[in-house]
Amino acid sequence: MSEMANPRLPADEQSALDAQFDTRAAVPEHPMMFARWAERSAQARQELGTLMDLKYGPHPRQRIDLVDAGMHSPLLVFLHGGFWRSFDKSAFTFIAPPFVDHGISVAVVDYALCPDVTVAEVCDQVATAVAYLREVAPNHTFDAERTVLAGHSVGAHMAVWLGGVDWTTRGLTSQPYHGVVAISGIYDLVPVSRSFLNADLRLTEEEAWALSPLHEPPAWMPPAVFAVGGQESEAFREQQDAMVGVWQACGAGAEVVPMAGYNHFDILDALADPASRLFRAACRLAEEVGSLAQ
């Protein structure tokens, strides 16, 4: 089945579905938010000074910005959003300073974008990045046994999806991470494959189903923090509720952080705000996973 075979809805239903995933249209002030992220990230790169640009694969975008916070520090691996078709790691350096100040190392992962690659290829690249960080850990001071994946939007999808990876095929003998922070995630890609986004994503329904943690739950569900903005669309809020249900049904720990006043973008500002409940929950998880991994 090609992406052209994905069923189209009547015009009014198609418009309603598209609106559920048109995050930028839902937040008209998003250009100012993105400009603020860029400004804060540029400032963060100047302040951090020790940021390392690591290459983990052959594609020019297969790179990781790493800030090592010191001996035996936890590692927060951040996977950015953009519906697999926009943004790069340089836009998200701003999340690093508050975590580094808290004694947590940060790695911001970049990856190739659709339509130059497929969604499955992006997911595979991110898995390679996570395995790479585990392999090179002895060259750095962070503690690989205290690794947490934090993802926003489709980054949250990938942070959850990675629980289904067979890491032995990547040369690892154990799980390379022990916690997940999933923010504003998409966990069922089937409706995404029917939306306007599929012009770039080119997902078939079979591919969308196979890549959906709600349809193919991951075998590895470590302790997790979930958050979605109260101002986000019904699709985002319902998908988080369903994913949390799957997590809890499997006996895994899942803390839900209420974010009532936030939209799809400013919730990421909360992740980088030491005064926010989301930041504190992420720090708490990163600090706890070391003992849980023993």
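None of the figures in this text is laboratory data; all of them are computed from the coordinates on show. None of the values given here were measured: they were computed from a predicted structure. Glycine also receives a Cβ, built like all others from the backbone with ideal geometry; neighbour counts cover every protein chain displayed.
Things worth noting here:
- Antiparallel bridges, percent of DSSP beta bridges restricted to the chain (to nearest 5): 25 percent
- Computed Kirkwood radius, in angstrom, where 1/r is averaged over Cα pairs of the range 22-289: 18.2 Å
- Here the contact order of the chain, divided by its residue count and restricted to Cα pairs under 8 Å and six or more residues apart, works out to 20 percent.
- By other beta-carbon atoms within 10 Å, ranking His152, His157 with the fewest at the front produces His152, His157.
- Here the label points at Asp101 and Val136, each 7 Å from Cα along the C-beta direction, are separated by 2.7 nm in the simple model.
- Projecting the Cα atoms of Ala210, Ala199, Gly49 onto the dipole axis of the chain, where Lys and Arg carry +1 and Asp and Glu carry -1 at the beta carbon, places Gly49 farthest toward the positive end.
- Simple label model, 7 Å out from Cα along Cβ direction - Trp209 to Ala42, nm: 4.8 nm
- When each of Cys250, Cys123 is scored by the number of other beta-carbon atoms lying within 10 Å, the sequence from fewest to most is Cys250, Cys123.
- Rounded to the nearest 20 debye, the dipole size of the range 118-177 about its Cα centre is 80 debye, using +1 on the Cβ of Lys and Arg and -1 on the Cβ of Asp and Glu.
- Look at Lys55, Lys89 and count the other Cβ atoms within 10 Å of each Cβ; fewest to most, that gives Lys55, Lys89.
- Each residue of the range 154-163 was assigned a 3J(HN,Hα) from its phi angle through the Karplus curve 6.51 cos²θ - 1.76 cosθ + 1.60 (θ = phi - 60°); the sequence is 5, x, 5, 3, 5, 4, 7, 4, 4, x Hz, with glycine and proline shown as x.
- Label separation (Trp220 vs Ser174): 1.2 nm, computed from points 7 Å beyond Cα along the C-beta direction.
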